[in-house]
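Everything on this sheet refers to the single structure shown next.
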Amino acid sequence: MTDVAASTEFRVIGKSVPRVDAVDKVTGAARYAADVNVPGQVWAAFLHSPHPHARIRRIDTRKAEAIPGVLKVITQATLGSGATQETIDTVHGFRLSQSLFAHDVVRYQGEKIAAVCAIAPEICKDAIAAIEVEYELLPAVDDVEQSIRPEAPLIRPDAKEVEAIPGSPWTDLGTWRNVAQETHFEAGDVEAGFREADVIVEGIYRIPRVHQTYIEPHACVARVDPSGKVTVWTSTQSIFAIRSGIASSLGIPPSQINVIGQTIGGGFGGKFGVLVHPYAVLLSQLTGRPVKIVYSREEEMLDGRPAPGAVIWVKTGIKKDGTITARQAVGLWDCGHVPGASIHATSRIIGVYNFQNIRYDAYAIYTNKPGTAAYRAPGAPQGAFAAEANLNQAAAAVGIDPVELRLRHMVGEGEQRVNDRKPLTRVAFKETLLAAAKKAGWFEREKRPNRGWGVAIGEWTHGAGPGSAVVTLQEDGTLKVFSGAMDITGTDTGMGQIAAEVVGVPWENVRVIRGDTDSAPYATGSGGSVVLYSMGNAVKRAAEALRAKMFDLAAQHLETSPDQLELAQTADESGRVIPRIQIRGRPDDAVTLQELAQIALRTTGGPLVGTGTFASEPSHPVIAAQIVEVEVDPETGVLEVKRAVGALDVGRAVNPYEVEGQMEGGLVQGLAWAWMEEMQFADGRMLNTHLSDYRLPTAQDLPPIESVYLEVPSERGPFGVKGIGEPPIVPTPAAVHAAIYDAIGVWVNDLPATPERIWRAIQQQRTAAQ
């Protein structure tokens with residue numbers, strides 16, 4: 001489905017072309033971080049805490065150090081006794097700006113206690129097993145509702161106590177402890193709004209932690225030269241973020257660090273920051289050898305940085321005619337042992353609606369778990385699940401179709417939400433929802449036994465990051481696009497299409513090259529739905545600058561003015577396309593791009609190079625709308641998703657193949673979160689640390705997926721591009737939640753909706769009805 005405003009024809013934009021990295025990946029030629037080996041390389045591994053909360057009484061590394069082949073064993077005491085995040089010690093030429101190891105108290109299972117460097121990975125394992133640690137066990141808490149209680153163990157000395165929010169399910173506690181961060185918002189008169197309501201609908205929605213479960217675990221190789229120059233080969237979503245992380249951790253000037261990004265086997269937000277990199281660099285400096293670290297899957301689960309879980313209470317007031325009079329929410333976000341959860345996502349109770357009476361209060365709560373990181377639309381699936389599920393319950397309470405309820409309250413072009421600074425433009429909220437409803441046949445759906453339909457929407461406003469790119473005309477007349485952006489989702493292909501479109505050459509005449517931090521211009525990280533928006537703008541500007549130089553030089557050569565020229569394409573005897581610049585209407589007065597590149601080498605101007613830069617500029621919120629159909633066995637609770645339909649406003653589909661892939665991939669990850677995926681804990685210990693017991697859907701589990709996208713071009717994105725990578729995951733859990741209710745008449749507010757949870761909900765309803 002295409003908006004009328006996006007009907008302009010392009011040569012390359014909007015065409016489905018193969019990914020530039022497709023051949024390397026399918027043939028196995030792609031080189032991942034674990035594939036990197038350098039001369040003289042040794043290995044490193046970690047001793048992780050087996051306890052979620054304990055005081056370290058003693059660490060003895062002497063037996064480990066005595067094992068033949070062990071080169072170095074380091075702990076925090078080795079690096080600087082008593083060093084904390086508030087102190088900076090100078091160690092072996094590095095300035096430690098943070099504690100790299102637990103040295104007094106362990107706050108989560110999997111926390112790093114020591115690192116071993118040896119000549120073989122097997123020796124590393126033996127040395128790790130030989131390290132003796134004496135612990136004093138402390139009480140642990142892995143649930144935010146328990147962590148805020150007065151009797152809960154204090155997880156960090158800097159934790160705050162706050163007054164309980166009146167009216168929330170946890171008001172009777174008086175005060176809440178173990179609070180790391182908080183944020184608040186209020187508009188209108190919430191209490192007056194609730195008094196106006198005919199029906200009040202409230203619920204507690206529990207969303208578990210989930211891991212990004214990228215196929216490739218964290219891995220890196222680090223080499224420190226005698227001069228102090230640091231080189232790191234790694235799997236990352238941003239080579240510049242890794243450079244900054246190493247620099248800040250070890251006190252090394254960024255100019256002394258070169259990060260070389262390898263082909264990345266998935267990230268989804270979990271491979272932005274440093275996790276193993278500073279340790280490899282430090283051990284390389286201490287041993288004088290290149291050091292390699294490759295995490296196991298268990299280490300990824302225990303010491304990775306997953307998406308935060310949350311417990312969110314939502315209360316909605318609604319009139320019998322469907323008017324929403326007020327909404328309130330309190331979110332308790334599980335940030336683990338350090339601040340950083342996406343607590344702002346509690347604002348999803350506002351969503352894309354014109355609700356006027358709103359209040360939300362959100363808190364990041366310390367637990368004895370690892371810290372958290374981004375995962376595709378950070379915080380939005382959790383916040384949207386609570387907000388959209390409660391909205392579906394409100395629709396059911398007053399007997400209004402949930403699509404109709406949303407259409408009544410969605411803001412439109414030129415309108416403003418209570419949390420907006422100015423009216424919205426270039427939005428297609430209603431159109432996107434209606435596109436999904438039409439595709440699914442929502443208004444013609446038939447009710448069948450134990451089959452149900454659910455709908456939800458998810459909003460995401462992508463950011464923008466600083467980026468720069470270089471586009472050059474090569475000696476054979478082709479283009480080279482050079483950047484430092486990591487390609488996870490086909491963005492190299494999209495940047496190549498943008499350059500080809502601007503200059504006017506065939507897609508096949510463009511090569512996209514990625515550099516390292518020493519060679520490439522600065523690039524934003526690959527995440528947050530910002531890459532093609534930000535880097536695409538940088539490439540577009542670089543290509544425009546190059547085209548202008550090309551036309552200036554061609555005008556000199558053809559003795560005319562640039563405005564009299566046009567770029568045309570001809571073919572030789574073999575059918576190969578030959579781009580050329582010619583005087584408009586005079587094809588005999590022309591110069592091919594290959595000839596022009598050669599001419600440039602002999603002129604005072606030199607080779608033809610265009611550069612482009614981009615920084616943060618406002619973007620447009622977009623929504624993904626999703627409808628799912630499920631079947632539930634009421635005797636066993638087994639859920640089967642039968643069909644899924646998604647719609648998305650993409651602004652401009654640069655490569656439709658990639659757009660559809662992003663829509664389908666996000667929807668599938670949302671299904672997993674709704675249906676089967678969760679990190680399970682008991683007394684602070686993770687129970688499912690392997691993919692054999694951490695459930696993920698396979699191709700056999702998935703339903704037919706249908707996608708439809710709209711094109712309502714952005715004002716600032718290249719050729720109208722909007723961010724598309726993250727919205728599709730956001731609404732899926734709430735759509736599944738509603739479909740289960742439609743099938744069996746039971747709301748299952750705790751994710752994932754496993755057969756056990758569905759069955760228990762059915763039994764509770766039956767018991768209550770007796």
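The values are calculated or read from the model by the stated rules, or taken from the named source; none is laboratory data. What you see is a predicted model; the values in this text were computed from it and never measured. Every residue, glycine among them, receives a Cβ derived from its backbone with ideal geometry; neighbour counts consider all protein chains shown. Note: accessible area is taken over every heavy atom of the protein model, side chains too, but ligands, DNA and RNA are not part of it. Shrake-Rupley method; radii C 1.70, N 1.55, O 1.52, S 1.80 Å.
Quick notes on this one:
- Taking the range 275-290 as the range and being open to solvent by 10 Å² or more (accessible area, probe 1.4 Å) and either part of a helix (DSSP H, G or I) or under 16 Å from residue 79 (Cβ atoms) (or both) as the test, the residues that pass are 279, 285, 286, 287.
- The range 201-213 residues that are farther than 14 Å from residue 316 by Cα and open to solvent by 20 Å² or more (accessible area, probe 1.4 Å), paired with ones that are in a strand (DSSP E or B) and of a type in the set (A, V, I, L, M, F, W, C) (beta carbon under 6 Å, 6 or more apart): 206/311
- Of all residues in the range 420-436 being outside any helix (DSSP H, G or I) and of a type outside the set (A, V, I, L, M, F, W, C), the one that is surrounded by the most Cβ atoms within 10 Å (Cβ to Cβ): 426
- Selection within the range 448-471: residues that are surrounded by fewer than 21 Cβ atoms within 10 Å (Cβ to Cβ) and touching a residue at least 60 places away in the same chain (Cβ under 8 Å). The member of this set that is farthest from residue 523 (Cα to Cα) is 450.
- The range 666-700: number of residues that are out of contact with any helix residue (DSSP H, G or I) (no Cβ under 8 Å at 6 or more places or on another chain) and farther than 26 Å from residue 108 by Cα: 4
- Residues within the range 604-614 that are assigned to a loop (DSSP other than H, G, I, E, B) and open to solvent by less than 50 Å² (accessible area, probe 1.4 Å), tallied: 2
- Test: residue in the range 181-192 that is out of contact with any His (no Cβ under 8 Å at 6 or more places or on another chain), at positive phi and open to solvent by 20 Å² or more (accessible area, probe 1.4 Å): yes
- Tally, over the range 758-770, of residues that are surrounded by fewer than 18 Cβ atoms within 10 Å (Cβ to Cβ) and touching a strand residue (DSSP E or B) at 6+ places or on another chain (Cβ under 7 Å): 0
Quick grid of which residues meet (1) farther than 11 Å from residue 517 by Cα; (2) touching a residue at least 60 places away in the same chain (Cβ under 8 Å):
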| position | (1), (2) |
| --- | --- |
| 240 | no, yes |
| 250 | yes, yes |
| 255 | no, no |
| 265 | yes, yes |
| 277 | yes, no |
| 291 | yes, yes |
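- Among the residues of the range 641-661, the ones that are buried (at least 22 other Cβ atoms within 10 Å of the Cβ), closer than 22 Å to residue 213 by Cβ and out of contact with any Asp or Glu (no Cβ under 9 Å at 6 or more places or on another chain) come to 1 in all.
- Here residue 490 clears all of (1) over 21 Å from residue 566 (Cα atoms); (2) surrounded by fewer than 22 Cβ atoms within 10 Å (Cβ to Cβ) except the condition numbered (2).
- Residue within the range 330-345 that is part of a helix (DSSP H, G or I), out of contact with any helix residue (DSSP H, G or I) (no Cβ under 6 Å at 6 or more places or on another chain), open to solvent by 10 Å² or more (accessible area, probe 1.4 Å) and at pLDDT below 95 present: yes
- Test result for residue 721, touching a strand residue (DSSP E or B) at 6+ places or on another chain (Cβ under 7 Å) and open to solvent by less than 40 Å² (accessible area, probe 1.4 Å): no
- Total residues in the range 18-66, condition open to solvent by 20 Å² or more (accessible area, probe 1.4 Å), within 30 Å of residue 494 (Cβ to Cβ) and part of a loop (DSSP other than H, G, I, E, B): 7
- For residue 122, the conditions (1) out of contact with any Pro (no Cβ under 7 Å at 6 or more places or on another chain); (2) more than 14 Å from residue 47 (Cβ to Cβ); (3) open to solvent by less than 50 Å² (accessible area, probe 1.4 Å) are fulfilled apart from (3).
- Subset of the range 226-244 that is touching a helix residue (DSSP H, G or I) at 6+ places or on another chain (Cβ under 7 Å) and open to solvent by 10 Å² or more (accessible area, probe 1.4 Å) - its residue that is farthest from residue 292 (Cα to Cα): 244
- Considering the range 724-755, and only residues there that are farther than 16 Å from residue 376 by Cβ, part of a helix (DSSP H, G or I) and of a type outside the set (A, V, I, L, M), the residue that is least open to solvent (accessible area, probe 1.4 Å) turns out to be 737.
- Among residues of the range 581-600 being among the small types (Gly, Ala, Ser) and either assigned to a strand (DSSP E or B) or modelled with pLDDT of 95 or more (or both), the one that is most open to solvent (accessible area, probe 1.4 Å) is 590.
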